[in-house]
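These notes concern the structure reproduced below.
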Amino acid sequence: MYYGIVYLYLLFWIVISENAKIETICIGVIISLLVVTLNKDLMCINRKLNFRKNSMLWISYTILMLKEILVSNINVAKIVLSPKMIISPHIVTIKTKIKSDFHKTIFANTLTLTPGTLTISMDGDKIDVHCLKSEYSRDLTNSAFEKIILKVEGGIYE
């Protein structure tokens with residue numbers, strides 16, 4: 001039922017352990033099965049989601065996140081390296097449609113990973129984010145990150 005995720009965890013285990021000895025693989029299988037079994041409610045394994053489409057959404061999420069991190073790094077570097085350092089700190093409250101705490105945490109951590117923004121708090125469906133410039137807050141409402149997570153969460157695929 002959820003062997004695909006176990007295989008992904010096992011592959012990740014082999015990559016970070018940097019060897020493919022039989023002992024390492026056996027320990028990786030045990031740990032991967034344990035992690036998936038204990039966290040299947042968080043990972044929405046109980047629902048009938050199409051694993052391939054769900055995986056593709058997470059891959060697109062990761063690519064989008066890396067692109068946004070790169071663009072934000074360049075923008076923050078311009079601000080920091082400019083002689084006048086023009087900033088306009090701003091705190092914005094985002095109301096999200098994401099239901100699960102697990103997915104809200106992923107969304108909030110993604111915002112924090114993006115330079116120039118920092119998640120301050122999460123309460124229910126509200127997420128408070130500090131932005132280095134007020135212009136950064138415009139991109140937070142109806143973000144592409146939230147749309148992808150909503151598709152994963154609801155099992156809705158286009």
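Here are a few things to note about the model shown:
- Any hit, segment 69-91, residues being in a helix (DSSP H, G or I), small (G, A, S), in contact with a Gly (Cβ under 8 Å, 6 or more places away or on another chain) and crowded, with 17+ Cβ neighbours inside 10 Å: yes
- In segment 107-122, residue farthest from I63 (Cα to Cα) [restricted to those that are part of a strand (DSSP E or B) and in contact with a helix residue (DSSP H, G or I) (Cβ under 6 Å, 6 or more places away or on another chain)]: M122
- When residues of segment 119-138 are limited to those that are free of Cβ contacts under 8 Å to residues at least 40 places away in the same chain and buried (at least 16 other Cβ atoms within 10 Å of the Cβ), the one farthest from I69 (Cα to Cα): M122
One line per residue, one yes/no per condition, for (1) touching a His at 6+ places or on another chain (Cβ under 7 Å); (2) of a type in the set (V, I, T):
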position: K78; (1), (2): no, no
position: L81; (1), (2): no, no
position: K84; (1), (2): no, no
position: H90; (1), (2): no, no
position: I98; (1), (2): no, yes
position: F107; (1), (2): no, no
position: I120; (1), (2): yes, yes
position: I127; (1), (2): no, yes
position: L132; (1), (2): no, no
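Bear in mind that the values in this text are calculations on the coordinates, not laboratory data. All values reported here derive from a predicted model rather than from experimental measurement. Glycine also receives a Cβ, built like all others from the backbone with ideal geometry; neighbour counts cover every protein chain displayed.
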